[in-house]
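What follows is one structure encoded as structure tokens, with my remarks underneath.
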Amino acid sequence: MQISLHGHTDTINDPKYEAAVKHTAEVFEEALKIFGDISHGNHGDWKVKDEKDGHKCFKKRYNLGKVYWVPVETNVSIEDAFLDHWDKIERTPEWNKNTAAVEKVATLTDHVDIIHYATAPISVMQGRDLVVCRMWRKIDNDYVIVASGFETDIKPFDKKTRAKANVIAGRIRSLGGNKVHFDFLVSVELNEKAIPEHVLSNHVAELALKDALAGKVYYEATYGKH
């Protein structure tokens, strides 16, 4: 199977992941629409859900579901930021205490892979387990990485509850020199009936903001002086 998207064609030779890749390509286009919405200043409908150290997490409903957006700037070159995130994703638990585990299940092409990861517990909520297909493209001068969940027989990590990722996406935009702007998007179904919806929403916003700020600290500590 081949997927052509924004100037690059991926050839998928593993039939069991063809549906996942096709779905992620569709989600990729939806994520680009949201990034476009953000870029054009259409922020009026975004509601602030969490705030820490001057950084904010916003929420807005789209076709994909409730989408949480965290914008953050950090001192790192755009190439280092992208390559670290794409190639070193399995090292995330070393610097992000909110991530319990990350495994790369399969590398399908240079632009597509399958990731299995788990979050640490948040407050009274047990850690979540997600399996996603990731895809990246360089569009104009931006790197865009989009991941989405799919049905799979991969077993959850021990003591983790399987959740569904509608979209987890990042856009990396250079601000010149050793500085970039990140836009993070997250929309997940947590598979939790015992906790009220508004509390779950707060948990997702809290986790998204913590992840973004952990990334900022990591990138500046690792690359900021280069």
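The values are calculated or read from the model by the stated rules, or taken from the named source; none is laboratory data. Since the structure is predicted, the reported quantities are computational estimates derived from the model, not experimental observations. Positions of Cβ are backbone-derived with ideal geometry, glycine not excepted, and every protein chain shown enters the neighbour counts.
Of everything in segment 133-171, what is touching a His at 6+ places or on another chain (Cβ under 8 Å), more than 16 Å from Leu190 (Cα to Cα) and assigned to a strand (DSSP E or B)? Give them in sequence order.
If the condition is that a residue be touching a His at 6+ places or on another chain (Cβ under 8 Å), more than 16 Å from Leu190 (Cα to Cα) and assigned to a strand (DSSP E or B), then Cys133, Met135, Trp136, Arg137, Ile139, Ile145, Gly170 are the ones that fit.
In segment 169-204, how many are of a type outside the set (Asp, Glu) and under 13 Å from the mean Cα position of the chain (by Cα)?
The number of residues fulfilling the criteria is 11.
Go over the candidates Ser174, Ser187 one by one and state the one that is of a type in the set (S, T, N, Q) and over 21 Å from Ala120 (Cβ atoms).
So the residue among Ser174, Ser187 that is of a type in the set (S, T, N, Q) and over 21 Å from Ala120 (Cβ atoms) is Ser174.
Would you check if Gly127 is surrounded by fewer than 18 Cβ atoms within 10 Å (Cβ to Cβ) and of a type in the set (Gly, Ala, Ser)?
Judged against the criteria, Gly127 is not a match.
Among (1) at pLDDT 95 or above; (2) touching a strand residue (DSSP E or B) at 6+ places or on another chain (Cβ under 7 Å), where does Asp87 come up short?
In the conditions (1) at pLDDT 95 or above; (2) touching a strand residue (DSSP E or B) at 6+ places or on another chain (Cβ under 7 Å), Asp87 misses (2) alone.
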